[in-house]
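The values are calculated or read from the model by the stated rules, or taken from the named source; none is laboratory data. Note that the structure is predicted; figures quoted are calculated from it, not measured. Note that we place each Cβ from the backbone using ideal geometry, even for glycine, and neighbour counts take in every protein chain shown.
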Amino acid sequence: MAIKSFQGARKQQNANEPTQLKVRDYMSTKLITFKPEQTVQEVVEALIRNKISGGPVVNDKQELIGIISEGDCLKQLSESRYYNMPLAHDNVELRMARDVETIDGNMDVFDAANKFLQSKRRRFPIVENGKLVGQISQKDILIAALELKGENWNSTTKRGS
């Protein structure tokens, strides 16, 4: 006796074919950026106004030259009080982190998740042909993972194990 299924036909998923989610599909492209000549005070105001914790620093050619964060601003604030120097006299170029780790827009989001875990960073800029094109955050990776809810991750996640 044959058993009939009341479910419709399902798409056959090849277990050897993992779902490829690329960083570029989840990165933010409308970024709040800063210029090296801006004052730290302007950065603090922008961070508060936009409810962000940092942002890329770019030159006039949109090339990434650094990152400025809340921590960089706090350090400047602390030092300005100690040395009795107004906040407005310090600029981004003096406070930004210059050694910026980037991530490839073609990287798989699961590999990106591992990179986040290893680096303890909250965001990575994405650069193509020397220009800043986007940024991926930990939250963006979580959004990508939620979209896979119910799919088979086994073949994808074995790479990092």
Query raised in the report: Is there a residue being buried (at least 17 other Cβ atoms within 10 Å of the Cβ), touching a strand residue (DSSP E or B) at 6+ places or on another chain (Cβ under 8 Å) and among the β-branched types (Val, Ile, Thr) anywhere in the range 29-38?
Result: no
Query raised in the report: Condition test on SER69, is it of a type in the set (Gly, Ala, Ser), closer than 15 Å to LEU94 by Cα and either in contact with a strand residue (DSSP E or B) (Cβ under 9 Å, 6 or more places away or on another chain) or buried (at least 19 other Cβ atoms within 10 Å of the Cβ) (or both)?
Result: yes
Report task. Filter the helices (runs of 4 or more DSSP H) completely within the range 77-161 down to those with at least 3 residues that are modelled with pLDDT of 85 or more, over 30 Å from GLU37 (Cβ atoms) and not acidic (Asp, Glu). Result -> 109-119, 138-147
**Report entry** Which numbered condition GLU37 misses (of (1) more than 15 Å from LYS22 (Cα to Cα); (2) under 12 Å from the mean Cα position of the chain (by Cα); (3) assigned to a loop (DSSP other than H, G, I, E, B))
**Finding:** (2)
Query raised in the report: Within the range 121-132, restricting attention to residues that are under 12 Å from the mean Cα position of the chain (by Cα) and over 12 Å from ASP104 (Cα atoms), which residue is surrounded by the most Cβ atoms within 10 Å (Cβ to Cβ)?
Result: ARG123
Report summary line: Filter the range 91-110 for residues that are more than 13 Å from the chain's Cα centre (by Cα) and among the acidic types (Asp, Glu); the one that is farthest from GLN41 (Cα to Cα) is ASP108
**Report entry** Candidate set from the range 1-28 (those that are surrounded by 10 or more Cβ atoms within 10 Å (Cβ to Cβ) and aliphatic (A, V, I, L, M)); member that is modelled with the lowest pLDDT
**Finding:** LEU21
Query raised in the report: Out of all the residues in the range 44-72, which are under 24 Å from GLY130 (Cα atoms) and not in a loop (DSSP other than H, G, I, E, B)?
Result: GLY54, GLY55, PRO56, VAL57, VAL58, LEU64, ILE65, GLY66, ILE67, ILE68, SER69
